[in-house]
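Structure first, then comments.
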Amino acid sequence: LAKTTQPISMDSYEGQEVNITCSHNNIATNDYITWYQQFPSQGPRFIIQGYKTKVTNEVASLFIPADRKSSTLSLPRVSLSDTAVYYCLVGFSLMGGYNKLIFGAGTRLAVHP
Amino acid sequence: NAGVTQTPKFQVLKTGQSMTLQCAQDMNHNSMYWYRQDPGMGLRLIYYSASEGTTDKGEVPNGYNVSRLNKREFSLRLESAAPSQTSVYFCASSGGLAGTSTDTQYFGPGTRLTVL
């Protein structure tokens, strides 16, 4: 059964590094892993995307092991404004080769002063 | 650029009523999507459209119909609303290949629907 798994919630303090892991055992061969951030009463917003190894941009890093069965979003030196829900998005190969987009349930990150 | 816009922002329906949620994007994207988000849960894909005139089912299509009116607009219709359809509905668009996570999706602000 196609499924992604993320921790339900995490707590951190300002200035710390936060790592959020998403498990996706049945990811499609050609699909990328994308992470989104969502604030209350808003639509999700793109953070970062990768296929394998490591990707870094101005706000985050994404680590993907060789087997691609999981990925880890890394937020360096978080601030109070990083308090949000974080989702990983992958595609899964289903029977017949039809891909369906599957969002994880999301991880609620709370950053404390 | 307004990005992705959705109307209405809020709606309350009675069981059995019908309504159409509107979505428009001004980024010249080929792909458009409709998701629902239930309280405390992630997003689930209802339908998507890879291009004008084409639509495909997502994870939870039952009870919904969609129309890709043109490249800019993608509407979601509830023919006979049920309490189980109470949710926040998000529209999104992307410039890449629909049905995969290869490209970036841009989301609208959402429509909060309550079915009594």
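Taken together, the values in this text are just the output of simple stated rules run on the coordinates, not laboratory data. Note that the structure is a prediction, hence the values are computed from the model and not measured. For neighbour counting, all protein chains shown are included, and Cβ atoms are generated from backbone atoms with ideal geometry for every residue, glycine included.
If you take every residue apart from B:CYS23 with its C-beta less than 11 Å away from the C-beta of B:CYS23, what net charge results, scoring Lys and Arg +1 and Asp and Glu -1?
On the way: positive: B:ARG68, B:ARG72; negative: B:GLU73.
Local charge sum for B:CYS23: +1.
Can you tell me which of A:TYR36, A:TYR13, A:TYR87 moves the most in a GNM of chain A? Springs connect C-alpha atoms under 10 Å apart. Among A:TYR36, A:TYR13, A:TYR87, the largest mean-square fluctuation in the Gaussian network model of chain A belongs to A:TYR13. In a Debye calculation with equal point scatterers on the alpha-carbon sites of chain A and no solvent, what is log10 I(q)/I(0) at q = 0.09, 0.11, 0.12 Å⁻¹? Ignoring solvent entirely, the Cα scatterers give -0.23, -0.33, -0.40.
Placing unit charges on the Cβ atoms of the charged side chains and taking the dipole of the protein assembly as shown about its Cα centre, the candidate lying farthest along the positive direction among B:SER18, A:ILE33, B:PHE107 is B:SER18.
Along its principal axes, chain B has C-alpha extents of 37, 27, 26 angstrom, given from the largest down. Scanning chain B for trypsin sites (Lys or Arg not before Pro) lying in DSSP loops with no more than 12 further Cβ atoms inside 10 Å, the longest uninterrupted stretch between such sites is B:15-116. Please report the relative contact order for chain A, taking Cα pairs under 8 Å with a sequence separation of at least 6, and give it as a percent rounded to a whole number. Relative CO of chain A lands at 36 percent. For the protein assembly as shown, taking Cα atoms only, Rg and Dmax work out to 17.5, 51 Å respectively. Amide H contacts of A:ASN26: A:LYS3, each under 5 Å away and 5 or more positions distant or on a separate chain (H built 1.01 Å from N in the peptide plane; Pro and chain starts excluded). Counting charges near B:ASN65 (Lys, Arg +1; Asp, Glu -1) among other residues having Cβ under 12 Å from its Cβ returns a value of +2. As a length-normalised measure over Cα pairs under 8 Å and 6 or more apart, the relative contact order of chain B settles at 35 percent. Given R0 = 25 Å, the distance between the Cβ atoms of B:THR114 and B:ALA2 translates into a calculated FRET efficiency of 0.45.
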